[in-house]
Amino acid sequence: MRDTRFQALAKQLTSYSTELQAGQRVLLELTDIPEEMSIALIREVRHLGAIPFVHINQSRVTREMLMGATPEQYELIGQMRLEEIKKMDAFIEIRGGDNAFELSSVPAKPMSIAMKALHPFAQHRIRQTRWCGLRWPSAGMAQQASMSTEEFEDFYFKTCLMDYSLLRPALQRLAKIMDAADKVHITGPGTDIQFSIKGFNAMPCAGECNLPDGEVFTAPVIDSANGVISFNTPTLFQGIPFDNIRLTLKDGLIVNAEADFNTAQLNTILDTDPGARRLGEFAFGVNPGILTPMRNILFDEKIAGSFHLTPGQAYHVADNGNSSRIHWDMVCIQRADYGGGEIYLDNKLIRKDGLFIDPELAILNPVIS
């Protein structure tokens, strides 16, 4: 039996998120997802009169390629991918796979080789195409979310297919408040950090570039961050799990980084290049239906009552000048059930214990049943 949610998701991605028009070219990057979803996406692209181009990937094959990556090999791959994306108007990526840790044993050197070579491709598709990225539900994701597979699938489609236009007015109001602000001060357990966001756009996100969505992001002034911050949300980066990351920053530079486990690997990643130890993004997570972390950043960065700070590359729409091959969203949940915390903009309390003070932002607060 065909799952009608596949067609609904394909329509959300093509008509709403990337707004495909007749004659436009879209690259579909599909990894470990059902054939039925791939077909639904291709058909929806054609229904709009657009032209689909498809890459079908397998995560275990990708791992094997990365294990033996050489500069000569990945420089050519990077050149071919860049030339291909230059011919596209849009890019949609869906990544599946049962094992979130598939790439965890890839050594740092070949991983760095591949990331460096593919960086121009990644930046072009972010800066020059309309794009949207999402994960595909799996038993492994359900396990990470402490749900049954069926329960997680229902949660997944509910959050991906929600009417994000209902959130847009509040997201735009929050963005306007951030646009007018200079100083940010964040406090909470193990956290007391200050930085400036003056002069950078705040971008409301309502399902255009990610599904699920629900955040407003900007960038810190590159040398402004001072203090300490503790992230209470488990994270996964380059297939490696990290818990309770703690950073100390001085004049925008991460001068100390620790985690409960894998501190050495944490610092290896932060030494990828000079920009990896500076911040490229600050954001509020505001999806009222996402409450629990699951080591999946496309969900975790949207958790209602959270914020994230990002070592690495800044987005071009809120560009503080930081350039890096990494972009690592680190999430802290500030709801009372996670220890609480406060965020001030220009010394005015904007959110306490994960709840916005402004009643016009109440729709962005967590919905706890």
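Just a yes or no: is a residue in segment 226-233 open to solvent by 40 Å² or more (accessible area, probe 1.4 Å), within 20 Å of residue 351 (Cα to Cα) and in contact (Cβ under 8 Å) with a residue 24 or more places away in the chain? Break it down stepwise before answering.
Initial filter on segment 226-233 (open to solvent by 40 Å² or more (accessible area, probe 1.4 Å)): 226, 228, 232.
Next, only the ones that are within 20 Å of residue 351 (Cα to Cα) stay: 228, 232.
Narrowing the set further to residues that are in contact (Cβ under 8 Å) with a residue 24 or more places away in the chain leaves 228, 232.
Looking for residues that are open to solvent by 40 Å² or more (accessible area, probe 1.4 Å), within 20 Å of residue 351 (Cα to Cα) and in contact (Cβ under 8 Å) with a residue 24 or more places away in the chain, one finds at least one in segment 226-233, hence yes.
When segment 39-73 is examined, which residues are found to be within 13 Å of residue 20 (Cβ to Cβ), out of contact with any strand residue (DSSP E or B) (no Cβ under 8 Å at 6 or more places or on another chain) and open to solvent by 40 Å² or more (accessible area, probe 1.4 Å)? Lay out the reasoning, then the answer.
Residues of segment 39-73 that are within 13 Å of residue 20 (Cβ to Cβ), as a first pass: 41-53.
Applying the additional criterion that residues be out of contact with any strand residue (DSSP E or B) (no Cβ under 8 Å at 6 or more places or on another chain) yields 43-44, 47-49.
43, 47, 48 - these are the residues of segment 39-73 that are within 13 Å of residue 20 (Cβ to Cβ), out of contact with any strand residue (DSSP E or B) (no Cβ under 8 Å at 6 or more places or on another chain) and open to solvent by 40 Å² or more (accessible area, probe 1.4 Å).
Hey, among 83, 29, 93, which residue is surrounded by fewer than 16 Cβ atoms within 10 Å (Cβ to Cβ) and either over 23 Å from the mean Cα position of the chain (by Cα) or of a type in the set (Asp, Glu) (or both)? First the steps, then the outcome.
On the way: 29 fails: surrounded by fewer than 16 Cβ atoms within 10 Å (Cβ to Cβ); 93 fails: surrounded by fewer than 16 Cβ atoms within 10 Å (Cβ to Cβ).
The match here is 83.
Only one of these is touching a helix residue (DSSP H, G or I) at 6+ places or on another chain (Cβ under 6 Å) and on the phi < 0 side of the Ramachandran plot: 61, 45. Name it.
Working: 61 fails: touching a helix residue (DSSP H, G or I) at 6+ places or on another chain (Cβ under 6 Å).
Testing whether each residue is touching a helix residue (DSSP H, G or I) at 6+ places or on another chain (Cβ under 6 Å) and on the phi < 0 side of the Ramachandran plot leaves just 45.
Quick one: what pairs do we get from segment 120-145, first residue more than 17 Å from residue 95 (Cα to Cα), second in a helix (DSSP H, G or I) and among the charged types (D, E, K, R), C-beta under 7 Å, 6+ apart or different chains?
121/81
When you check residue 177 against the structure, is it farther than 30 Å from residue 20 by Cα and open to solvent by 20 Å² or more (accessible area, probe 1.4 Å), yes or no?
On the way: farther than 30 Å from residue 20 by Cα: yes; open to solvent by 20 Å² or more (accessible area, probe 1.4 Å): yes.
Considered against the rule, which asks whether it is farther than 30 Å from residue 20 by Cα and open to solvent by 20 Å² or more (accessible area, probe 1.4 Å), residue 177 comes out as yes.
If I ask for residues that are within 17 Å of residue 218 (Cα to Cα), part of a loop (DSSP other than H, G, I, E, B) and open to solvent by less than 50 Å² (accessible area, probe 1.4 Å), which ones from segment 327-369 would you list?
328, 329
Mind checking whether some residue in segment 184-197 is free of Cβ contacts under 8 Å to residues at least 60 places away in the same chain, open to solvent by less than 30 Å² (accessible area, probe 1.4 Å) and of a type in the set (S, T, N, Q)?
Among the residues of segment 184-197, at least one is free of Cβ contacts under 8 Å to residues at least 60 places away in the same chain, open to solvent by less than 30 Å² (accessible area, probe 1.4 Å) and of a type in the set (S, T, N, Q), which makes the answer yes.
Give all pairs with beta carbons closer than 7 Å in which a residue from segment 200-212 that is surrounded by fewer than 21 Cβ atoms within 10 Å (Cβ to Cβ) meets a residue that is modelled with pLDDT of 95 or more and among the charged types (D, E, K, R); count only pairs at least 6 apart in sequence or on separate chains.
Note: pairs meeting the criteria are 201/179.
Evaluate segment 240-255: report whether one residue or more is in contact with a helix residue (DSSP H, G or I) (Cβ under 9 Å, 6 or more places away or on another chain) and open to solvent by 40 Å² or more (accessible area, probe 1.4 Å).
yes
Pick out the one residue from 269, 343, 326 that is at negative phi, of a type in the set (Val, Ile, Thr) and in contact with a Gly (Cβ under 8 Å, 6 or more places away or on another chain). Give the steps one after another, and end with the answer.
Details: 269 fails: in contact with a Gly (Cβ under 8 Å, 6 or more places away or on another chain); 343 fails: in contact with a Gly (Cβ under 8 Å, 6 or more places away or on another chain).
Of the residues listed, the single one that is at negative phi, of a type in the set (Val, Ile, Thr) and in contact with a Gly (Cβ under 8 Å, 6 or more places away or on another chain) is 326.
Condition check ((1) farther than 25 Å from residue 275 by Cα; (2) touching a strand residue (DSSP E or B) at 6+ places or on another chain (Cβ under 8 Å); (3) at pLDDT below 95) across all residues:
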site: 177; (1), (2), (3): yes, yes, no
site: 183; (1), (2), (3): no, yes, no
site: 193; (1), (2), (3): no, yes, no
site: 203; (1), (2), (3): no, yes, no
site: 210; (1), (2), (3): no, yes, yes
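Check whether at least one residue in segment 304-314 is under 15 Å from the mean Cα position of the chain (by Cα), more than 28 Å from residue 276 (Cβ to Cβ) and open to solvent by less than 50 Å² (accessible area, probe 1.4 Å), and report yes or no.
Going through segment 304-314, the residues under 15 Å from the mean Cα position of the chain (by Cα) turn out to be 304, 306-314.
Checking which are more than 28 Å from residue 276 (Cβ to Cβ) leaves us with 304.
Imposing the further condition that a residue be open to solvent by less than 50 Å² (accessible area, probe 1.4 Å) reduces the set to 304.
So far as segment 304-314 goes, yes, one or more of its residues are under 15 Å from the mean Cα position of the chain (by Cα), more than 28 Å from residue 276 (Cβ to Cβ) and open to solvent by less than 50 Å² (accessible area, probe 1.4 Å).
If you go through segment 1-26, how many residues are polar (S, T, N, Q), open to solvent by 20 Å² or more (accessible area, probe 1.4 Å), part of a helix (DSSP H, G or I) and touching a residue at least 60 places away in the same chain (Cβ under 8 Å)? Break it down into steps so the answer makes sense when it comes.
Going through segment 1-26, the residues polar (S, T, N, Q) turn out to be 4, 7, 12, 14-15, 17-18, 21, 24.
Cutting the leftovers down to open to solvent by 20 Å² or more (accessible area, probe 1.4 Å) gives us 4, 7, 12, 15, 21, 24.
This time we only want the ones that are part of a helix (DSSP H, G or I), so: 4, 7, 12, 15.
Now narrow it down to the ones that are touching a residue at least 60 places away in the same chain (Cβ under 8 Å): 12.
Summing the residues that are polar (S, T, N, Q), open to solvent by 20 Å² or more (accessible area, probe 1.4 Å), part of a helix (DSSP H, G or I) and touching a residue at least 60 places away in the same chain (Cβ under 8 Å) in segment 1-26 gives 1.
Among the residues of segment 286-302, how many are among the basic types (Lys, Arg) and open to solvent by 10 Å² or more (accessible area, probe 1.4 Å)?
Start the filter on segment 286-302 by keeping residues that are among the basic types (Lys, Arg), which leaves 295, 302.
Filter again for open to solvent by 10 Å² or more (accessible area, probe 1.4 Å), leaving 295.
Residues in segment 286-302 being among the basic types (Lys, Arg) and open to solvent by 10 Å² or more (accessible area, probe 1.4 Å): 1 in total.
Checking residue 215 against (1) charged (D, E, K, R); (2) more than 19 Å from the chain's Cα centre (by Cα); (3) under 18 Å from residue 279 (Cα atoms), only one condition comes out false. Which one?
Of (1) charged (D, E, K, R); (2) more than 19 Å from the chain's Cα centre (by Cα); (3) under 18 Å from residue 279 (Cα atoms), only one is false for residue 215: (2).
Which pairs do you get when a residue that is more than 12 Å from residue 312 (Cβ to Cβ) and open to solvent by 40 Å² or more (accessible area, probe 1.4 Å), found in segment 264-275, comes within reach of a residue that is of a type outside the set (S, T, N, Q) and part of a helix (DSSP H, G or I), reach meaning Cβ atoms under 7 angstrom, with the pair 6+ apart or on two chains?
Within 7 Å, the pairs are 268/108.
Specify which of the listed residues (118, 76, 103) is open to solvent by 40 Å² or more (accessible area, probe 1.4 Å), under 27 Å from residue 9 (Cβ atoms), modelled with pLDDT of 95 or more and of a type outside the set (Asp, Glu). Let's see the steps before the verdict.
Values: 76 fails: under 27 Å from residue 9 (Cβ atoms); 103 fails: modelled with pLDDT of 95 or more.
Residue meeting the stated conditions: 118.
The values are calculated or read from the model by the stated rules, or taken from the named source; none is laboratory data. This structure is a prediction, so every number in the text was calculated from the model and none was measured. Don't worry about glycine lacking a Cβ; one is built from the backbone with ideal geometry, like all the others, and counts go over all protein chains shown. The area values use the complete protein model at the heavy-atom level, side chains included, leaving out ligands, DNA and RNA. Shrake-Rupley method; radii C 1.70, N 1.55, O 1.52, S 1.80 Å.
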